[in-house]
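**Student:** Dropping a structure here in structure tokens format, bear with me for questions.
The values are calculated or read from the model by the stated rules, or taken from the named source; none is laboratory data. Model, not experiment: these values are computed from the prediction. Positions of Cβ are backbone-derived with ideal geometry, glycine not excepted, and every protein chain shown enters the neighbour counts. What goes into the accessible areas is simple: the full protein's heavy atoms, side chains included, and nothing from ligands, DNA or RNA. Shrake-Rupley method; radii C 1.70, N 1.55, O 1.52, S 1.80 Å.
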Amino acid sequence: MNYDIIVLGSGPGGYVAAIKAAQLGGKVAIVEKDNFGGVCLNWGCIPTKTLLKNAKVYQYILNSSKYGVDIPDLSAVTLNWENMLSRKEKVVEKLTSGVEYLLKKNGVDIYRGFGTVIDKNSVEVEGEVIKCENLILSTGSTPRIPEIPGIKEGLASNFVVTSREALELPSIPKELVILGGGVIGVEFATLYSSLGTRVTIVQNIDKILEFMDHDVVAEMEEILKKSDVEILYNSSIIKVDGKEITVKGKEGRRTLTPDHLLVSIGRYANLKGLENLSLKTYRRGVVTNNKMETNVPGVYAIGDLNGVFNLAHVASAEGIVAVENILKKKDMTINYNKVPNCIYSSPEMAAAGYNEADARKKFTKVIVSKFPLSANGKALAEGENTGFIKIIAEGEYGEIVGVHIIAPTATDMISEIVTTMELEGTIHDLAKVIHPHPSLSEIVMEAAHGAVHKPIHM
């Protein structure tokens, strides 16, 4: 069988690319050895957010008295972990089956099994060879496991887990150690601390979320500390012995005995089956240009495989860019500096563009404006007024070059500013936009007013 495009992998990049290509009239095949939707739908974005909602409901109940709802005996409120996991599975099943339906409905041919690339125009799946004019690689990534004595034995006994197993633990751990203070580590720290788990983050540098703006990081560090999450900075795990972990830090060695150790120190690109292509790679994955082209003509790499941003929405956007370039011969590119980066902690964090430190290095003059949720009526009414928005603009024209939000709905609110950035909009444009009252989105308008002159309500 000969196709215009074969897509290898059905994650958020792969399935979106396949559907878009079919919608544009291409003859398309997709190859998948596992569940449709990749890590995001099955073991990442969707299941974690489902469990985070469960945890938030639990916290609402525990703190119901501040909303005027009295529960005589809070000790009677119990967590049903089995039901939580069941709800998660139902959500995942609905979405993954929906992806398969969409692929079939759009006329994409599905090949189940592991795809091995023979050459840039041929892929073998379970003994069958299929041909194509163009190949889109969307094979994803796998959690990185450090070389620590005893960690392999810990993985075998299920004491050491990755983000995938952390969503399927047999019970809520009483104590959890997380190796790594990045996005996944912070999300799981938020989840399990909300469910009553004693959480310790082991971080090898002096801050968590090293890529985020310093003000957002400082705020989240305080929030985690208030949730009794302990963060061991400049520390590393040097040994795993059964259920004992030896941590080495500035103050010497320390032994921890948690129920589980969650390893969250990044991921590496899945290159198995692609060896015959002789792709150019770098530390994070396959090298591509901003049109998603690899060094091999007619071969494109998207999502975690190219490693630019390990984000589902970026993979989807990259898939569309690749397809548009293949089928419509457009010179379509992606601007990574306008990508929203979202962290589903509690409260959420979202960022796009430059952080303050990098903006000051890039531009001669920089305008920075912050507005806190504590001055927002909707936030006060909802009892969730921790956080702020920070808008960064270059000084000559006021063009918005960065935004950083920590708020309950930060991941929803950031789209407004990313749209403004895509249109090369300014703080003056944003200040003119009439925002509904009361709403959390008013902090966007207030920060824009602050950048132009002064905020109204502070």
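**Student:** For Ile201, enumerate residues with amide H under 5 Å from its amide H, sequence gap 5+ or separate chain, H modeled in the peptide plane.
**Tutor:** It is Ile178, Glu230, Ile231, Leu232, by chain and number.
**Student:** I'd like the accessible area for Lys362, computed on protein heavy atoms only with a 1.4 Å probe and all protein chains in place. Round to 10 Å², please.
**Tutor:** 120 Å²
**Student:** So, one more: Can you compute 3J(HN,Hα) from phi for each residue in the stretch 444-450, using the Karplus curve 6.51 cos²θ - 1.76 cosθ + 1.60 with θ = phi - 60°, rounded to whole Hz and x for Gly and Pro?
**Tutor:** My calculation for the stretch 444-450 gives 5, 4, 5, 5, 5, 4, x Hz in order.
**Student:** Run the numbers for Lys66 and Tyr233: contour at 0.36 nm per residue of separation, minus the present Cα-Cα distance, in nm.
**Tutor:** Here the answer is 56.7 nm.
**Student:** Near Lys104, which aspartates and glutamates are there with a Cα under 15 Å away, not counting those fewer than 8 places off in the same chain?
**Tutor:** Here the aspartates and glutamates satisfying the reach criterion relative to Lys104 are Glu32.
**Student:** What FRET efficiency comes out for the pair Thr419/Asp241, r = Cβ-Cβ distance, R0 = 60 Å, nearest 0.05?
**Tutor:** The value I calculate is 0.70.
**Student:** A further question follows. Under 1.5 on a/c is rounded, so check that first for the chain, then, if it is not, pick prolate when a/b is larger than b/c and oblate when it is not; a ≥ b ≥ c are the square roots of the alpha carbon gyration tensor eigenvalues.
**Tutor:** oblate
**Student:** Rounded to the nearest 20 debye, what is the charge dipole size of the stretch 305-390 about its Cα centre when +1 sits on each Lys and Arg Cβ and -1 on each Asp and Glu Cβ?
**Tutor:** It comes to approximately 460 debye.
**Student:** Of the listed peptides 380-387, 191-198, 247-254, 174-181, what is their order by residue-averaged count of other C-beta atoms within 10 Å, with the highest listed first?
**Tutor:** Listed from highest to lowest mean packing, they are 174-181, 191-198, 380-387, 247-254.
**Student:** If you don't mind, another one. Normalising by the residue count of the chain, find the relative contact order in percent from Cα pairs under 8 Å and 6+ residues apart.
**Tutor:** Averaging sequence separation for qualifying contacts and normalising by length gives 14 percent for the chain.
**Student:** Something else: If the reach is capped at under 17 angstrom between alpha carbons, list the lysines near Lys272, excluding any in the same chain fewer than eight residues apart.
**Tutor:** Straight-line reach from Lys272, under 17 Å: Lys33, Lys120, Lys280.
**Student:** Provide the solvent-accessible area of Tyr268, counting protein heavy atoms only and rolling a 1.4 Å probe, rounded to the nearest 10 Å².
**Tutor:** 100 Å²
**Student:** Hey, another quick one. In nm, what is the difference between 0.36 nm times the number of residues separating Ala156 and Lys362 and their Cα-Cα distance?
**Tutor:** Gain on stretching Ala156 to Lys362: 69.4 nm.
**Student:** Okay, moving on. Have a look at the DSSP beta bridges in the chain and tell me what percent are antiparallel, nearest 5.
**Tutor:** Rounded to the nearest five, the antiparallel share is 60 percent.
**Student:** Between Lys174 and Ala381, what is the FRET efficiency for a Förster distance of 45 Å, r being their Cβ-Cβ separation, to the nearest 0.05?
**Tutor:** 0.80
**Student:** Hey, another quick one. Report the antiparallel proportion of the DSSP beta bridges in the stretch 1-119 as a percent, rounded to a multiple of 5.
**Tutor:** Taking every DSSP beta bridge with both residues in the stretch 1-119, the antiparallel ones total about 0 percent.
**Student:** Let me check something: with ligands and nucleic acids excluded, how do Lys88, Lys328, Lys104 order by accessible area (1.4 Å probe), largest to smallest?
**Tutor:** Ranked list, largest accessible area first: Lys104, Lys328, Lys88.
**Student:** Order these peptides, 305-312, 201-208, by their mean beta-carbon neighbour count within 10 angstrom, highest first.
**Tutor:** 305-312, 201-208
**Student:** Report, to the nearest whole %, how much of the accessible area of the chain belongs to carbon and sulfur atoms, 1.4 Å probe, protein only.
**Tutor:** Taking all protein chains in place, the chain shows 50 percent carbon and sulfur surface.
**Student:** Still on this structure, I have one more. Quick test of your reading: applying the under-4.7 Å Cβ rule, which cysteines of the chain are isolated?
**Tutor:** That list is Cys132, Cys342.
**Student:** Write down the accessible area per residue of the chain in Å², having rolled a 1.4 Å probe over the full set of protein chains.
**Tutor:** That works out to 46 Å² for each residue.
**Student:** Oh, and also: For the full complex of protein chains and a 1.4 angstrom probe, list Leu440, Leu155 by accessible area with the highest value first.
**Tutor:** Solvent-accessible surface, decreasing: Leu155, Leu440.
**Student:** Ok, one more. Identify all aspartates and glutamates with a Cα-Cα distance to Lys53 below 13 Å; exclude those on the same chain that are fewer than 8 residues away in sequence.
**Tutor:** Candidates past the 8-residue exclusion: Glu187, Glu348.
**Student:** How much mean residue ellipticity at 222 nm does the chain get from its helices, if each DSSP H run of length 4 or more adds -39500 (n - 2.57) and you divide by all residues, to the nearest 500 deg cm²/dmol?
**Tutor:** Result for the chain, helices only: -10000 deg cm²/dmol.
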